[in-house]
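Structure, as structure tokens:
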Amino acid sequence: MNRAVKIGLAGTCTALLALGGIGTYNILHSLASGSAGDDSSQDARGFDPSALSSTPPSDAEALKLTRAFLDNWAQRHLDGAGGATDVPDTAAQALRGYTDGLHLKKLSFDHIVAAGPSSVTAGAAKVTFDVTAQVAGGTWSYPSAVAVLKSTNGRLAVHWNNSVLYPGLGEGQSLTAGKLPAEPGDTKVVASDGKTDLSRFASLRDIAATIGKNAKPTGGTPGTGVAVVDGSGAGVKTLKAFTKGRPAVVGTTIDAGLQRVAEQAVKDAHLQQKPAGTVALDWRNGHILALAHTGDDGDIAINGIKSPGSTMKIITSAALFDKAGLTPNSPAPCTDSLTANSQLFHNDSGVRANPGSSLAQAFTVSCNTSFIKDGFHYLVHDGDSSALNDEAVNVFGMGNWSIGGGIATTDPSIPPDVQGGDQAAQFIGQGKVTATPLFMASVAATVRNAGFEQPIILPAQHQEAAARPISARTAGYLQSMMRGVATGGTAAPRLGGLAGVGAKTGTAEEGDHTNGWLTAYDSRIAVAALVEGGSSGVDSAGYVVRQLLTGG
């Protein structure tokens, strides 16, 4: 009784030959009458699902009912097939959906074998079989199984669920054949070269997946085959491909070559595996060219919200130029320490006092006390400390950006209403001031471009404009001072000798450690890097930025 038997339009004869004897007569009678759907011995009429037998059907019983069920299904006697189940109407409807959805031309069953008690359906006997279906586009074969139940009155029924149609098919799901529907993940998100898949880059896998779900793709041709679809007709999973399609594409601004460099740069051996993040922009248009990160706390390149330390002195200097009329030659005495609003501030180690320092000299060596003194003197009036916020928002475009594709980024913050010691701390990027490498790369880009271009990762993404363009005078002053930092100042150990580079380092205190920052630009890109736990900006983030500026 366990021999392989094939049932199709001609399968009855094979089944009879395999069985022989008196069983031949019984199967012949039952299949003939089952084809018409009018013999209660071959359907579940009288089956009582509320009174199940504690003993599973025998192999012979389970095989007999399963063969009748499959034969009716193969011959499109779907009411007869449904009648062999414990939910006849539901099963018949689902079988019609199978036929229609697959554009079924022919169906046959092979290797029908009793497999003993079911391990899934309690009190049932399992029967396995192979399915071969000629559907729209080709022929599809797969293994399947049913569970056969027995009620206390001796009646049998195939236990119905969607997995009878295909193993694992869920409720509300159905099968389709022909042109394959798009599935989640079908869209290919590529670099600006139009071909490099962003999911190849470790730092961009989540970003590529998000863009693929949210951005509108172009092009692409569907393949053909068999697929699972949900109740709305959306693709869930391709089960069989007859012809291969071409995925639709979403193009991004990412430069594949620079992204490869960024992926390696954040793993530079000098960082000793500390969490790092970096962003590179085309400073002419705000296009994000590379974005990479390490660490376990998410993407710190666009969401690593930290105090930016002395890189904030770029915005502080701009505010002093725009709002107080200062120049790079204006006095900015550098003292060892300074008290502002009852809070004591000091310089980083290695910064020597220079009472005759100019603003440019203080910027070059990153003297904290110079910027606190001038910032507090010129930019805080009668307790109003909003000048730095105004400069950041209206000139450098600080705000709620959308870089495109549904990608979440964390907004920088320079509160307009800070009080106490924070009024002074903000001018050196401490206190309540926070930023991300994405924002600080944009700050450097604004200086080099002499104008703000909001960072984006999709070429057609809307870009917010700054309320006031940076003045040519202020941009020129900042470019000169940032060039001095790169050639002979705090960034020189990493960036000295590189043509056309302007930079600003930063070291920010956070709890019991410091974070290293560096932002810079050259003739092509603007870049910023953050290294959590970096001893200083130049000796941590400096290594990352140098690799991006030199291409590796």
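The values are calculated or read from the model by the stated rules, or taken from the named source; none is laboratory data. Bear in mind that the values here come from a model prediction, so they are computed numbers and not experimental data. Cβ sites come from the backbone with ideal geometry, for glycine too, and all protein chains shown count toward neighbours.
What about residue 83, is it among the small types (Gly, Ala, Ser) and more than 20 Å from residue 173 (Cα to Cα)?
Yes: the conditions hold for residue 83.
Could you pull out the residue among 394, 449 that is surrounded by 17 or more Cβ atoms within 10 Å (Cβ to Cβ), farther than 22 Å from residue 522 by Cα, of a type in the set (S, T, N, Q) and out of contact with any helix residue (DSSP H, G or I) (no Cβ under 6 Å at 6 or more places or on another chain)?
394
For residues that are buried (at least 24 other Cβ atoms within 10 Å of the Cβ) and not in a loop (DSSP other than H, G, I, E, B), scanning just segment 536-545, find the one that is farthest from the chain's Cα centre (by Cα).
542
Name the one entry in 160, 140 that is at pLDDT 95 or above, among the aromatic types (Phe, Trp, Tyr) and in contact with a helix residue (DSSP H, G or I) (Cβ under 6 Å, 6 or more places away or on another chain).
160
In segment 493-511, which residues are of a type outside the set (Val, Ile, Thr), under 21 Å from residue 426 (Cα atoms) and modelled with pLDDT of 95 or more?
503, 504, 506
Of a type in the set (Val, Ile, Thr), outside any helix (DSSP H, G or I) and at pLDDT 95 or above: which single residue out of 514, 474, 446, 490 fits that description?
The unique qualifying residue is 490.
Of all residues in segment 42-78, which are surrounded by fewer than 18 Cβ atoms within 10 Å (Cβ to Cβ) and in contact with a helix residue (DSSP H, G or I) (Cβ under 8 Å, 6 or more places away or on another chain)?
Listed by number, the residues that qualify are 46, 76.
Applying the selection to segment 336-364, what residues are surrounded by 13 or more Cβ atoms within 10 Å (Cβ to Cβ), more than 43 Å from the chain's Cα centre (by Cα) and among the hydroxyl-bearing types (Ser, Thr, Tyr)?
If the condition is that a residue be surrounded by 13 or more Cβ atoms within 10 Å (Cβ to Cβ), more than 43 Å from the chain's Cα centre (by Cα) and among the hydroxyl-bearing types (Ser, Thr, Tyr), then 357, 358 are the ones that fit.
Yes or no: segment 99-122 includes at least one residue that is surrounded by fewer than 16 Cβ atoms within 10 Å (Cβ to Cβ), out of contact with any Lys or Arg (no Cβ under 8 Å at 6 or more places or on another chain) and of a type in the set (Ser, Thr, Tyr).
no
Which of the following residues is under 22 Å from residue 435 (Cα atoms) and in contact with a Ser or Thr (Cβ under 7 Å, 6 or more places away or on another chain): 396, 376?
396
Based on what the data block shows, is residue 121 in the same structural domain as residue 71 (by TED's automatic domain parsing) and under 30 Å from residue 179 (Cα atoms)?
It is false that residue 121 is in the same structural domain as residue 71 (by TED's automatic domain parsing) and under 30 Å from residue 179 (Cα atoms).
What are the residue pairs meeting all of these: first residue in segment 292-314, first residue assigned by TED's automatic domain parsing to the domain that holds residue 477 and under 10 Å from residue 203 (Cβ atoms), second residue surrounded by fewer than 24 Cβ atoms within 10 Å (Cβ to Cβ) and aromatic (Phe, Trp, Tyr), Cβ atoms under 8 Å, and 6 or more apart or on different chains?
Going by the 8 Å Cβ cut-off, the qualifying pairs are 292/201.
Residue 199 passes all but one of (1) surrounded by fewer than 19 Cβ atoms within 10 Å (Cβ to Cβ); (2) touching a Lys or Arg at 6+ places or on another chain (Cβ under 9 Å); (3) under 30 Å from residue 265 (Cα atoms); (4) in contact (Cβ under 8 Å) with a residue 60 or more places away in the chain; which number fails?
(4)
Scanning segment 298-330 for residues that are of a type in the set (Lys, Arg) and in a helix (DSSP H, G or I), which turns out nearest to residue 526 (Cα to Cα)?
Ranking the candidates gives 313 first.
Of all residues in segment 215-263, which are among the basic types (Lys, Arg), surrounded by fewer than 16 Cβ atoms within 10 Å (Cβ to Cβ) and closer than 22 Å to residue 198 by Cβ?
216, 244, 246
Residues checked against (1) in contact (Cβ under 8 Å) with a residue 12 or more places away in the chain; (2) assigned to a strand (DSSP E or B):
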| residue | (1), (2) |
| --- | --- |
| 90 | yes, no |
| 94 | yes, no |
| 113 | yes, yes |
| 126 | yes, yes |
| 134 | yes, yes |
| 147 | yes, yes |
| 166 | yes, no |
| 171 | no, no |
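Looking only at segment 208-226, which residues are within 30 Å of residue 98 (Cα to Cα) and either in a loop (DSSP other than H, G, I, E, B) or not basic (Lys, Arg) (or both)?
Of everything in segment 208-226, those that are within 30 Å of residue 98 (Cα to Cα) and either in a loop (DSSP other than H, G, I, E, B) or not basic (Lys, Arg) (or both) turn out to be 220, 221, 222, 223, 224, 225, 226.
For segment 47-88, enumerate the residues that are under 22 Å from residue 119 (Cα atoms) and part of a helix (DSSP H, G or I).
Within segment 47-88, 59, 60, 61, 62, 63, 64, 65, 66, 67, 69, 70 qualify.
Would you mind stating whether residue 510 is more than 27 Å from the chain's Cα centre (by Cα), among the acidic types (Asp, Glu) and within 22 Å of residue 302 (Cβ to Cβ)?
Judged against the criteria, residue 510 is a match.
State all residues of segment 240-297 that are in a helix (DSSP H, G or I) and among the small types (Gly, Ala, Ser); if no residue qualifies, say none.
256, 257, 262, 265, 269, listed by residue number.
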